[in-house]
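The structure appears below as C-alpha cells.
The values are calculated or read from the model by the stated rules, or taken from the named source; none is laboratory data. Being a predicted model, the structure only gives us computed values, none of them experimental. Positions of Cβ are backbone-derived with ideal geometry, glycine not excepted, and every protein chain shown enters the neighbour counts.
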Amino acid sequence: MSIVPNLSGRVALVTGGSRGIGRAIAIALAEAGADVSVNFARRSDAAEAVVASVQQLGRHAIAVGADVSDAAQVEAMMAETGEKLGPVDILVNNAGLALTRGLDNLTEADFDRTIAVNLKSVFLCTQAVLSSMRARKWGRIVNISSGAARGTGAIGVHYNASKAGMEGLTRGYAARLVRDGITVNAVAPSLIDTDMIGSRRDELAPRVPLGRLGTSEEVAQATLMVIGNAYMAGQTIQLNGGMHFI
C-alpha cells in the first residue's frame, strides 16, 4: 500500500485555494492525480496562477469565484465545478478570515463575518457535496482548522470560536457519514509561514520548539495523508512544531 494516495480520476475542490495553504493543497492534490477546482473570493489572478500550475502537472483545473459563506454562491460554484470537471470527490474547506481583534475592539460585525466565513462556509460546502458523495459511496472532506480551536491563539476570541466550531462540525459529520464511505477530518496548523503571519515572522518563530515556522507544503502533506487514510474519521491532526500536544 502506498502512503501517497492515488487520486487519479478524482475531482477536488479547495476553498480559498488561490494562495498560501490553499494553493499548496491544490498543487499537492494535482500531484497525486486529482483534477482541481480552485475557489477564490477576490484574487482571480492568483487563482488562475494556481490553475496554470495544476495544468502543468497534466491535470484539469478551473478557478471559481465565490463567497463560500453565501448559499447561492456555493450552489453556483458546485454547479460550475460539476459541469466542467465532474462531481466533487474531495472537499477541502480551507477558506478563512483572520481579523485580529482584542476584547475591546471586537465588534458584532467582526464576530458575525468571522463565523460566516470560517464556520458557516464549512456547513454550506459540506451539505452541497453530500448527495453526490453518498451516491458514489466515496468522499473525503478535510477542514483546515487551527491550533486556536484549543489554545488562546493570537487573532481573537471570534477566531477561536470559529475554529472550535469547525472541529465540532468535523466530528458530527464524521460520525454520520463514515458508513457511507465518506470520511471527514480536520488538520489544525499553527504558526505557518503565510501572509497571515506577515511581518511577525522573526517574532513568532522562536515560540515554536522546532525553531521555525511551518510551511504551507507541510500542511498540504498532512492533508494528503488524511485523504489517503480510509480508516481515519472525525480526527483533528495537530501540526505545530511541538508547541502543544492537546
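Quick test for you: out of ASP193, ASP202, pick the one residue that is at pLDDT below 95 and under 19 Å from the mean Cα position of the chain (by Cα). Let's see the steps before the verdict.
Details: ASP202 fails: under 19 Å from the mean Cα position of the chain (by Cα).
After applying the criteria, what remains is ASP193.
From (1) in contact with an Asp or Glu (Cβ under 9 Å, 6 or more places away or on another chain); (2) outside any loop (DSSP other than H, G, I, E, B), pick out the condition that doesn't hold for GLY86.
(2)
I need every pair where a residue in the stretch 131-143 that is under 11 Å from PRO87 (Cα atoms) has its Cβ under 7 Å from the Cβ of a residue that is surrounded by fewer than 22 Cβ atoms within 10 Å (Cβ to Cβ) and of a type in the set (Ser, Thr, Tyr), sequence separation at least 6 or different chains.
That search, which allows pairs on different chains as well, returns nothing.
Which residue out of ASP180, ASP195 is surrounded by fewer than 16 Cβ atoms within 10 Å (Cβ to Cβ), closer than 19 Å to VAL117 by Cα and not aliphatic (A, V, I, L, M)?
Numbers: ASP180 fails: closer than 19 Å to VAL117 by Cα.
Just a single option satisfies the conditions, and that option is ASP195.
With respect to VAL74, is the statement that it is closer than 22 Å to LEU7 by Cα, touching a residue at least 12 places away in the same chain (Cβ under 8 Å) and not in a loop (DSSP other than H, G, I, E, B) true? Walk me through it before giving the result.
Working: closer than 22 Å to LEU7 by Cα: no; touching a residue at least 12 places away in the same chain (Cβ under 8 Å): yes; not in a loop (DSSP other than H, G, I, E, B): yes.
When the stated conditions are applied, VAL74 does not pass them.
Picking from ASN160, ASN143, ASN185, ASN118, which residue would you name as being more than 30 Å from ALA79 (Cα to Cα) and of a type outside the set (Phe, Trp, Tyr)?
Values: ASN143 fails: more than 30 Å from ALA79 (Cα to Cα); ASN185 fails: more than 30 Å from ALA79 (Cα to Cα); ASN118 fails: more than 30 Å from ALA79 (Cα to Cα).
Of the residues listed, the single one that is more than 30 Å from ALA79 (Cα to Cα) and of a type outside the set (Phe, Trp, Tyr) is ASN160.
How many residues, within the stretch 52-71, are in contact with a helix residue (DSSP H, G or I) (Cβ under 7 Å, 6 or more places away or on another chain) and either assigned to a strand (DSSP E or B) or farther than 24 Å from VAL219 by Cβ (or both)?
Our first condition is that a residue be in contact with a helix residue (DSSP H, G or I) (Cβ under 7 Å, 6 or more places away or on another chain); within the stretch 52-71, this holds for 53-54, 57, 59, 61-69, 71.
Now restrict to residues that are either assigned to a strand (DSSP E or B) or farther than 24 Å from VAL219 by Cβ (or both): 61-65, 71.
The total comes to 6.
Going residue by residue through the stretch 93-115, is there one that turns out to be under 19 Å from VAL219 (Cβ atoms), among the β-branched types (Val, Ile, Thr), crowded, with 22+ Cβ neighbours inside 10 Å and in contact (Cβ under 8 Å) with a residue 40 or more places away in the chain?
First, the residues of the stretch 93-115 that are under 19 Å from VAL219 (Cβ atoms): 93-98.
Subset that is among the β-branched types (Val, Ile, Thr): none.
No, because not a single residue in the stretch 93-115 is under 19 Å from VAL219 (Cβ atoms), among the β-branched types (Val, Ile, Thr), crowded, with 22+ Cβ neighbours inside 10 Å and in contact (Cβ under 8 Å) with a residue 40 or more places away in the chain.
Please verify whether VAL187 is assigned to a strand (DSSP E or B) and closer than 26 Å to TRP138 by Cβ, treating the condition exactly as stated. Steps first, answer last, please.
Values: assigned to a strand (DSSP E or B): yes; closer than 26 Å to TRP138 by Cβ: yes.
For VAL187, the condition - assigned to a strand (DSSP E or B) and closer than 26 Å to TRP138 by Cβ - is met.
Check whether at least one residue in the stretch 29-51 is in contact (Cβ under 8 Å) with a residue 60 or more places away in the chain and either assigned to a helix (DSSP H, G or I) or touching a helix residue (DSSP H, G or I) at 6+ places or on another chain (Cβ under 7 Å) (or both), and report yes or no.
Here is the first cut: in the stretch 29-51, the residues in contact (Cβ under 8 Å) with a residue 60 or more places away in the chain are 29, 32.
Remaining after also requiring either assigned to a helix (DSSP H, G or I) or touching a helix residue (DSSP H, G or I) at 6+ places or on another chain (Cβ under 7 Å) (or both): 29, 32.
Within the stretch 29-51 (the criterion being in contact (Cβ under 8 Å) with a residue 60 or more places away in the chain and either assigned to a helix (DSSP H, G or I) or touching a helix residue (DSSP H, G or I) at 6+ places or on another chain (Cβ under 7 Å) (or both)), the answer is yes, since at least one residue qualifies.
Can ALA79 be described as closer than 13 Å to VAL38 by Cα and either touching a strand residue (DSSP E or B) at 6+ places or on another chain (Cβ under 6 Å) or hydrophobic (A, V, I, L, M, F, W, C) (or both)?
Details: closer than 13 Å to VAL38 by Cα: no; either touching a strand residue (DSSP E or B) at 6+ places or on another chain (Cβ under 6 Å) or hydrophobic (A, V, I, L, M, F, W, C) (or both): yes.
Answer is no for this residue.
Give the stretch 202-234 a look and list any residue that's over 12 Å from ILE192 (Cα atoms) and in contact (Cβ under 8 Å) with a residue 40 or more places away in the chain, or say none.
GLN221, THR223, LEU224, MET225, VAL226, ILE227, GLY228, ASN229, ALA230, MET232, ALA233, GLY234
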